[in-house]
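Encoded as structure tokens, the structure appears first; notes follow it.
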Amino acid sequence: MKNRLDPNRKIAVQVSEDSELELRLKHIMVPPGHKISLRKDYDPEFTAGFKDKKDARKKLEQNIAELAEYQDILYAQDTYALLLIFQAMDTAGKDGAIKHVMSGVNPQGCQVYSFKSPPPMNWITIIYGGPTR
């Protein structure tokens with residue numbers, strides 16, 4: 001049985017020492033197989049409960065420190081890995097997101113690959129698992 005993410009699931013996130021917010025997945029995820037309109041389906045002013053940039057930056061710094069700690073643990077175990085895929089059209093903000101998310105990670109423990117769509121002939125090879133000639 002597949003694990004399905006419930007869009008109404010509540011997640012508690014500690015924003016600051018004295019405040020916590022309740023986040024629902026429907027505010028940040030697109031249900032599989034659904035087409036959306038960013039204007040109609042998502043509020044562009046959604047801040048996930050952060051009242052100002054100061055609180056958001058503080059939480060980002062905490063998350064970066066936690067990510068660096070987890071990287072050390074994964075490296076020490078030498079068993080598991082973490083795969084992050086950033087997929088979007090050009091100028092969609094991938095570089096900025098990677099810069100923020102990965103800023104606390106040791107680059108020696110990372111491998112980065114950029115990939116583009118293969119030419120149409122290779123797509124046929126990939127789909128059918130063999131040469132087409």
What's the number of the only condition in (1) modelled with pLDDT of 80 or more; (2) closer than 27 Å to Val13 by Cβ; (3) not in a loop (DSSP other than H, G, I, E, B) that Gln108 fails to meet? (2)
Across the range 49-67, what is the total count of residues that are surrounded by 13 or more Cβ atoms within 10 Å (Cβ to Cβ) and assigned to a loop (DSSP other than H, G, I, E, B)? 2
Pairs only if they're at least six apart or on different chains, beta carbon under 7 angstrom, first in the range 93-118 and basic (Lys, Arg), second in a loop (DSSP other than H, G, I, E, B); list them, first residue then second. Lys94/Phe86; Lys94/Ala88
Number of the condition not met by Ala92 [criteria: (1) under 30 Å from Ser114 (Cα atoms); (2) assigned to a loop (DSSP other than H, G, I, E, B); (3) not assigned by TED's automatic domain parsing to the domain that holds Phe115]: (3)
Test of understanding: among Tyr80, Tyr42, which residue is among the hydroxyl-bearing types (Ser, Thr, Tyr) and either more than 25 Å from Ala12 (Cα to Cα) or under 16 Å from the mean Cα position of the chain (by Cα) (or both)? Tyr80
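So is Asp55 over 30 Å from Ser114 (Cα atoms) and touching a helix residue (DSSP H, G or I) at 6+ places or on another chain (Cβ under 9 Å) or not? Explain how you work it out, then say what you get.
Working: over 30 Å from Ser114 (Cα atoms): yes; touching a helix residue (DSSP H, G or I) at 6+ places or on another chain (Cβ under 9 Å): no.
Here the answer is no, as Asp55 does not meet what is asked.
The values are calculated or read from the model by the stated rules, or taken from the named source; none is laboratory data. Predicted model, so just to flag it, every value in this text is computed and none were measured. Note that we place each Cβ from the backbone using ideal geometry, even for glycine, and neighbour counts take in every protein chain shown.
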